[in-house]
Amino acid sequence: MKRLVSMTVNGEEIELAIPPYRTLLDVLRNEGRLTGTKKGCDVGDCGACTVIMDGSPVNSCLVLGIEAEGATIETIEGQHAGPDLPHLIQEKFMDHGGAQCGFCTPGIIMMTKALLKENPNPTESEVRFAIAGNICRCTGYAKIVDAVLAAAEDLRKGRTL
Amino acid sequence: MNEAAPLPKGNMGEPVARIDARLKVTGDARYPADLPVRDVAHAVLVTSPIARGRLTQLHTEAARAVPGVLDIIAAGDVDGELERPQFGNSGSTSIAPLHDRRIWHDGQIVALVVAETFEAASEAAALVRADFQAEEPSSGFGSPGIEIIPAAGASPLYPENPEAGDFDAAWATAEISIDETYSTPTQHHNPMELFSTTASWFDGDVTVNESSQNVTGWKNTLARQLKVDPEHVRVVSPYVGGAFGSRGPMTPRTAIIAHAARRLGRPVRCVVTRKQAYTTQTYRAETRHHIRMGAMKDGRIVAFRHEGWELTSRPDNYVVGGTGTTARMYGYGAVETKVSLVKADRNTPSYMRSPPETPYVYALENAMDEMAVALAMDPVEFRRVNDTMTEPIEGKPFSSRSLMECYDQAAEAFGWNRRTRGIGSMRDGDWLVGMGCATAVYPTNVAPCTARVRLTADGRIRVQSGSHEIGTGIRTVAAQMAAERLGAPFWSVEVEMGDSSLPPAPVSGGSTSTASVCSAVMKACDAIRARLFHAAVTANDGPLSGLAPADLGIADGRIVAGARVEAVANAMERMGVGEIEEYAEFAPEGSSADAIANLYKGKLEMRMGEEGAKVKYAFGAEFVEVRIHRLTRETRVSRLVGAFAAGRIMNPRTARSQLMGGMIWGVGCALHEATEMDRHSARYVNTDLQDYLVPVNADIQDVKVILVEEKDTDVNPAGVKGLGELGNVGTPAAVASAVYHATGKRIRDLPIRIEDLL
């Protein structure tokens, strides 16, 4: 038995018929056709499925789709600085080599956005602990931290998230 | 410019950003399980809860009753349809889970459930019950029932144990000796992307979307198993969410899913849970080492003996075999080595980032540090005394070896001279500070490779080669090579990879890709240059008429000879063509006459670093500072500095990325990673990312990578030494050395955990 659920995804209100047992991650990837959000473990260990739900970062594999009824969801696909312009955080990840294989990257960018919304002026240590739940197996992390700090610096210069 | 993009030194290319960076940061890079497939059915594996015995009966009634279940495939259902998998070359194991009822290891596949949804398939898989005739398993080292055999000759990849001189006689003359044992644990790659297979048939042709490091090898392996001509099989893997060796050899699941799709008459996708990947994919074999090293008081090593034992499965003789490298590392004098395989009731291990070097060089470098202490020598100076430009086994020269240059540059950047020698002599409040170092080394392997390059009159370039973007940046460096050889801007190049319908490239393993692909791209580009140059010099009235082709160059879209230039587009117009396309086959020096034909058949002919008139290795030096809490013994790696020399650096940005990522892998190997086993049941217990520890962001602090200038024209036409597997080799021993310096505890068994330091 499917249930009709409405949510706002990347600024667009959508209505989806989804099975009540399906995770938000699978709903986004299947019914939502938004495969930028990745499945790295499906049990909340790796952070690859991070999306922003009502302003807070969540592991979308630990949320049921039906729990998102009425919620506002932000995913990687909704991040732009303008038409055909990457988002500030994406730009910094490109500049600083924050993506290697790229699989953990969407989740880390969403976690970074949530961090910088809450704390636009983080220390290096705050960055490291804020995204400690997002595992990356390729980069060695330093480049990710550099990218986040560079984004924060641009925020201080007046750019916006 | 920022730290991510180091300024190029001599023999280095530009630090351009990745060609696919934007796709990756926007979520637009499509990994195989992201691909929308119409009418796809979902498959879930059922795996064995016992490690040894026989499947006697499978009860599937309850599972079949779950709404949406389409098919259940179990032992016997593939007979006559599917050939058994083979071990070696492109296959990970000969264990044929649905052909046999014998259980060889924990978590072996016993059935596949296919349903309309992933959830229905998962529910049904949980309802499949199996009866087993269980036997007592041997879990590994020290278990009753294991079989120990010599590695030499057990695998074609390990013909003999390297040795030189009379070890016993030399050992007897040594003034100082080390005689110790070391060990490394089972480790799993845990790439971030889950393992998955999606198979779709259309009109007798099958397309398999699966992350792979070897699409051509898999195409051929899969065709044999499916009993179809390879021309009917296509393996597609445009982006790979991390691999580290785990996607090198094909595992039995791939053919099972392709068979399920054929049997069902609709596409089937199987995304394997992380837990099940621990037993249905491969892993790094647990190893043990016994090292004897004898030296004179002046620091010269006169005798070296390295004996290794490695775990493997009952049916397959996978050999790690790192003595080929450790035996050649220093100017030892006499060398004796031996490797044995320990066969237990386990799945078959396989390649994992620097497969031989990680465990074997860890043992050697730990022994080197112990010897330096025994000699009361600085560990850097001890290595300097034993540095050599001639390897001791066959007396062949190194094509280049910048080991001490790496040590000197890294030591200076690290501040090695601030280290005080006494154990526990450096403190920072409640933290004991330790400093250590070790050598990183990786052979420069290279393999046959093909590529097709097309230059269009408007200046755009397309490069095609069936290599694999596994996070290394291979698309980026291939584009740089084409741009450089054809005098075009980087942005004008597009690169197609990750598809078995492209000109074949070797497995993206053994750090061969940049050397092999760039050598092939270079050759294709040079053929295009030759055609352009010929047109330019043979023209009746062109600006370059009558010149010798050898005097021409190409830059900024123009053919150039001193002050005389002609636009490439003009030359092409005169040739009457809109595009020039060249296909090139690159076979490394010493390859067999069949090297390219074999590449097309998926048979790998890698030329290894120790082969040929000169031996070829990349070297590095890694320095580590650890801080160990005085009371809790919490251990933090506060600083890492690595200096590496690897011939021509195509792109300092991607090179730094690879080396830095490797160094952090080394931290994981030193302090975190181990797959634990319940020795009674021979089952893995920490099969998720909560309990299998890997470094997270909060574990890492200051990391510095130094690229040391080096030129080597012997290695391959591109002059490139692979470095994807270099960075992680030295770190574990450097950490162990630093831990010893801080605490006086010599930890010989990885990983180093708090309990070892209490």
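The values are calculated or read from the model by the stated rules, or taken from the named source; none is laboratory data. The structure displayed is predicted, hence computed values, not measured ones. Neighbour counts run over all protein chains shown; Cβ positions are idealised from the backbone, glycine included. With ligands, DNA and RNA removed, areas are computed over all heavy atoms of the protein, side chains included. Shrake-Rupley method; radii C 1.70, N 1.55, O 1.52, S 1.80 Å.
A few remarks follow.
- When the range A:66-119 is filtered for residues that are more than 10 Å from chain B (Cβ to nearest Cβ), small (Gly, Ala, Ser) and touching a strand residue (DSSP E or B) at 6+ places or on another chain (Cβ under 9 Å), the ones remaining, listed by number, are A:68, A:70, A:71, A:114.
- Each residue in the range B:669-700 was checked for being in a helix (DSSP H, G or I), buried (at least 20 other Cβ atoms within 10 Å of the Cβ) and at the interface with another protein chain (Cβ under 9 Å from one of its Cβ atoms), and 1 of them qualify.
- Restricting the range B:260-278 to residues that are away from every other protein chain (no Cβ under 14 Å) and buried (at least 24 other Cβ atoms within 10 Å of the Cβ), the residue that is nearest to residue B:191 (Cα to Cα) is B:268.
- Selection from the range B:47-70 of residues that are surrounded by 17 or more Cβ atoms within 10 Å (Cβ to Cβ) and not hydroxyl-bearing (Ser, Thr, Tyr): B:50, B:51, B:52, B:53, B:55, B:58, B:63, B:66, B:69, B:70
- Residue B:464 meets each of the listed conditions (1) open to solvent by 10 Å² or more (accessible area, probe 1.4 Å); (2) over 30 Å from residue B:212 (Cβ atoms); (3) among the polar types (S, T, N, Q) apart from (2).
- A single entry from B:524, B:457 fulfils the requirement of being more than 14 Å from chain A (Cβ to nearest Cβ), under 18 Å from residue B:577 (Cβ atoms) and open to solvent by 10 Å² or more (accessible area, probe 1.4 Å): B:457.
- Applying the criterion of being open to solvent by less than 60 Å² (accessible area, probe 1.4 Å), of a type outside the set (Gly, Ala, Ser) and not in a helix (DSSP H, G or I) to the residues of the range B:594-606, the residue that is farthest from residue B:719 (Cα to Cα) is B:605.
- Output for the range A:25-49, where each listed residue is closer than 14 Å to residue A:102 by Cβ, open to solvent by less than 10 Å² (accessible area, probe 1.4 Å) and touching a helix residue (DSSP H, G or I) at 6+ places or on another chain (Cβ under 7 Å): A:36, A:37, A:38, A:48
- Neighbours by Cβ (under 6 Å, 6+ apart or cross-chain): first from the range B:714-735, assigned to a helix (DSSP H, G or I); second modelled with pLDDT under 95 and open to solvent by 10 Å² or more (accessible area, probe 1.4 Å): none
- Neighbours by Cβ (under 9 Å, 6+ apart or cross-chain): first from the range A:65-88, in contact (Cβ under 8 Å) with a residue 12 or more places away in the chain; second of a type in the set (D, E, K, R) and assigned to a strand (DSSP E or B): A:65/A:3; A:66/A:3; A:69/A:3; A:78/A:12
- So residue B:273, is it among the β-branched types (Val, Ile, Thr) and either in contact with a His (Cβ under 8 Å, 6 or more places away or on another chain) or at pLDDT below 95 (or both): no
- Inspection of the range B:116-124 identifies no residue that is over 30 Å from residue B:65 (Cα atoms) and not acidic (Asp, Glu).
- Search result, residues across the range B:191-216 that are open to solvent by less than 10 Å² (accessible area, probe 1.4 Å), of a type outside the set (D, E, K, R) and either in contact with a Cys (Cβ under 7 Å, 6 or more places away or on another chain) or within 14 Å of another protein chain (Cβ to nearest Cβ) (or both): B:191, B:192, B:196, B:197, B:198, B:211, B:212, B:213
Yes or no, residue by residue, for (1) in the same structural domain as residue B:653 (by TED's automatic domain parsing); (2) open to solvent by 20 Å² or more (accessible area, probe 1.4 Å); (3) farther than 12 Å from residue B:654 by Cβ; (4) part of a loop (DSSP other than H, G, I, E, B):
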site: B:468; (1), (2), (3), (4): no, no, yes, yes
site: B:478; (1), (2), (3), (4): no, no, no, no
site: B:483; (1), (2), (3), (4): no, no, yes, no
site: B:487; (1), (2), (3), (4): no, no, yes, yes
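- On inspection, residue B:331 does not qualify as on the phi > 0 side of the Ramachandran plot and open to solvent by 10 Å² or more (accessible area, probe 1.4 Å).
- Elements of type strands (runs of 3 or more DSSP E) contained in the range B:260-368, each with 2 or more residues being among the aliphatic types (A, V, I, L, M) and either under 23 Å from residue B:438 (Cβ atoms) or not assigned by TED's automatic domain parsing to the domain that holds residue B:102 (or both): B:287-295, B:301-313, B:334-344
- Any hit, the range B:718-729, residues being within 28 Å of residue B:289 (Cβ to Cβ), of a type in the set (A, V, I, L, M) and within 14 Å of chain A (Cβ to nearest Cβ): yes
- Inside the range B:1-43, residues that are of a type in the set (A, V, I, L, M), farther than 18 Å from residue B:474 by Cβ, open to solvent by 20 Å² or more (accessible area, probe 1.4 Å) and within 13 Å of another protein chain (Cβ to nearest Cβ) make up a count of 5.
- Breaking point among (1) facing chain B (nearest Cβ under 8 Å); (2) over 19 Å from residue B:23 (Cβ atoms), for residue A:158: (1)
- Pairs with Cβ under 6 Å, 6+ apart, first in the range A:14-32 and part of a loop (DSSP other than H, G, I, E, B), second open to solvent by 30 Å² or more (accessible area, probe 1.4 Å): A:19/A:2; A:20/A:3; A:20/A:66; A:21/B:119
- Pair list, Cβ < 7 Å and 6+ apart or interchain, from the range B:1-18 residues that are on the phi > 0 side of the Ramachandran plot to residues that are open to solvent by 20 Å² or more (accessible area, probe 1.4 Å): B:11/B:648; B:11/B:709; B:11/B:711
- Residue B:758 fulfils the conditions (1) modelled with pLDDT of 95 or more; (2) more than 14 Å from chain A (Cβ to nearest Cβ) except for a single criterion, (1).
This table checks each residue for (1) modelled with pLDDT of 95 or more; (2) assigned by TED's automatic domain parsing to the domain that holds residue A:25; (3) under 21 Å from residue B:6 (Cβ atoms).
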position	(1), (2), (3)
A:64	yes, yes, no
A:93	yes, no, yes
A:108	yes, no, no
A:112	yes, no, no
A:137	yes, no, no
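- The condition (being surrounded by 24 or more Cβ atoms within 10 Å (Cβ to Cβ), of a type in the set (Gly, Ala, Ser) and at pLDDT 95 or above) is satisfied by just one residue among B:492, B:501, B:508: B:508.
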